[in-house]
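A.B. asks: One structure is given below, represented as structure tokens, and several questions about it will come after.
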Amino acid sequence: MKSKKAPYFFIAPALFLLLVFSIIPIFLALFISFTDMSLAGLADYSRVSFIGMENYSTIINDQVFIKSIQNTLFYVVFGVPLVILFSMTIAILIKLGDNKFFSMMRVVFYSPSITNIVAVALVWTFLFNPSQHIGLLNQFLAWFGVGPVGWLTDTDISKISLGILAVWRAIGINMLIFSAALQSIPDSMYEAAELDGANRWQQIWRITIPQLKFSTFFVVVTTIIGWLQFFEEPFVMTDGGPLNSTISVALFIYRNGFQLNNFGYAAAGSLLLFIAIIIATLVQFRIQKIDNK
């Protein structure tokens, strides 16, 4: 007789890791958000005071936090559609090519996703250098009598610059997801459509894209979650500047928690970000259910 407890032993390691590294930290952050915990409080818990909702009432009126929300929403609205569009398009083109050259291009497009962000940021910082003698992009624009452009120094353009880099890095992993989904589409569907007189574009629009519905849903959810936690690019390249024009919510939390040692305030911000991620995910699941009806 098979043991009914066997399945629980298989999932126990995953549940343990989820409990230790996700669930417990969430409740700890919730508790810390109601205190004035700082670096001194970590050394001596007697210095930690319970202050109730003070952190939350302060943070929702913090102009820097409000600016970080606006910037993060800009990153999401700007980045997510472009990532979906480019990654799906590249995956379809590689599938249509189906030769050694396009197989190599799959590696080329994926490589930014696994490249160290610090190395990538340094290279792109030189590309975005405002000087026409150093910055490659401004040198290129100078040939057409344009510029120089303050890619990382202009408060309006800096967000777009970081968004371009983040989109470039995010295309690779999502392209692989779409490529895997494309392999599951039966060739018989395309053969039947071709016999019915459908051209290549009609096959893509009527067969390929609808068959990628579930993988698109997965990519949309994970990409939105990732962009809501947008952190590495502004942290490495601009440190939220100029004038907080590129600061994200994640960078705001890091700055208050690990630079200003205001852990209670940072925990309040992290809980608000967590709630935003949950809401965004639930909305996507709701939209998916409506589309399936």
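A.B. asks: Please indicate, with yes or no, whether at least one residue in region 16-30 is of a type in the set (Gly, Ala, Ser), within 16 Å of residue 263 (Cβ to Cβ) and either touching a Ser or Thr at 6+ places or on another chain (Cβ under 7 Å) or modelled with pLDDT of 90 or more (or both). Before you say what the answer is, go through the steps one by one.
C.D. replies: Step one: of region 16-30, the residues of a type in the set (Gly, Ala, Ser) are 22, 29.
From what is left, the residues that are within 16 Å of residue 263 (Cβ to Cβ) are 29.
Filter once more, keeping what is either touching a Ser or Thr at 6+ places or on another chain (Cβ under 7 Å) or modelled with pLDDT of 90 or more (or both): 29.
Within region 16-30 (the criterion being of a type in the set (Gly, Ala, Ser), within 16 Å of residue 263 (Cβ to Cβ) and either touching a Ser or Thr at 6+ places or on another chain (Cβ under 7 Å) or modelled with pLDDT of 90 or more (or both)), the answer is yes, since at least one residue qualifies.
Conditions tested, residue by residue: (1) more than 25 Å from the chain's Cα centre (by Cα); (2) among the acidic types (Asp, Glu); (3) in a helix (DSSP H, G or I).
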{"residue": "177", "(1), (2), (3)": "no, no, yes"}
{"residue": "185", "(1), (2), (3)": "yes, no, no"}
{"residue": "190", "(1), (2), (3)": "yes, no, yes"}
{"residue": "207", "(1), (2), (3)": "yes, no, yes"}
{"residue": "220", "(1), (2), (3)": "no, no, yes"}
{"residue": "225", "(1), (2), (3)": "no, no, yes"}
{"residue": "235", "(1), (2), (3)": "no, no, yes"}
{"residue": "270", "(1), (2), (3)": "no, no, yes"}
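A.B. asks: Would you tally the residues in region 263-293 being surrounded by 13 or more Cβ atoms within 10 Å (Cβ to Cβ) and over 15 Å from residue 64 (Cα atoms)?
C.D. replies: Adding up the residues that qualify gives 11.
A.B. asks: A further question on this structure: Determine if region 210-221 includes at least one residue that is surrounded by 12 or more Cβ atoms within 10 Å (Cβ to Cβ), touching an Asp or Glu at 6+ places or on another chain (Cβ under 8 Å) and within 30 Å of residue 274 (Cα to Cα).
C.D. replies: Yes, the conditions are met somewhere in region 210-221.
A.B. asks: Let me ask something additional. For region 47-75, give me each residue that is basic (Lys, Arg) and within 25 Å of the chain's Cα centre (by Cα).
C.D. replies: The one that is basic (Lys, Arg) and within 25 Å of the chain's Cα centre (by Cα): 67.
A.B. asks: Where in region 92-171 are there helices (runs of 4 or more DSSP H), lying wholly inside it, with at least 3 residues that are under 21 Å from the mean Cα position of the chain (by Cα) and either modelled with pLDDT of 85 or more or more than 17 Å from residue 231 (Cβ to Cβ) (or both)?
C.D. replies: 100-114, 117-127
Listed here are the residues, each with its yes/no results for (1) among the hydroxyl-bearing types (Ser, Thr, Tyr); (2) in a helix (DSSP H, G or I); (3) surrounded by 10 or more Cβ atoms within 10 Å (Cβ to Cβ); (4) on the phi < 0 side of the Ramachandran plot.
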position	(1), (2), (3), (4)
4	no, no, no, yes
13	no, yes, no, yes
19	no, yes, yes, yes
23	no, yes, yes, yes
26	no, yes, yes, yes
46	yes, yes, no, yes
61	no, no, no, yes
69	no, yes, yes, yes
76	no, yes, yes, yes
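A.B. asks: Next up: Checking residue 240 against (1) within 20 Å of residue 79 (Cα to Cα); (2) assigned to a helix (DSSP H, G or I): exactly one of these is not met. Which one?
C.D. replies: The number of the failed condition is (2).
A.B. asks: In the list 200, 255, which residue meets the criterion of being under 25 Å from residue 79 (Cβ atoms) and of a type in the set (D, E, K, R)? Spell out the reasoning first.
C.D. replies: On the way: 200 fails: under 25 Å from residue 79 (Cβ atoms).
Residue meeting the stated conditions: 255.
A.B. asks: Additional query: Restricting attention to region 216-239, does a residue exist that is among the small types (Gly, Ala, Ser) and in contact with a Phe, Trp or Tyr (Cβ under 9 Å, 6 or more places away or on another chain)? Walk me through it before giving the result.
C.D. replies: Filtering region 216-239 for residues among the small types (Gly, Ala, Ser) gives 226.
After this cut, where a residue has to be in contact with a Phe, Trp or Tyr (Cβ under 9 Å, 6 or more places away or on another chain) as well, the list is none.
No: zero hits.
A.B. asks: How many residues are assigned to a loop (DSSP other than H, G, I, E, B) and farther than 20 Å from residue 272 by Cβ if we restrict to region 28-44?
C.D. replies: Qualifying residue count for the region: 1.
The values are calculated or read from the model by the stated rules, or taken from the named source; none is laboratory data. Predicted model only: the values in this text are computed from it and were never measured. As a convention, Cβ positions derive from the backbone with ideal geometry for all residues, glycine included, and neighbour counts pool all protein chains shown.
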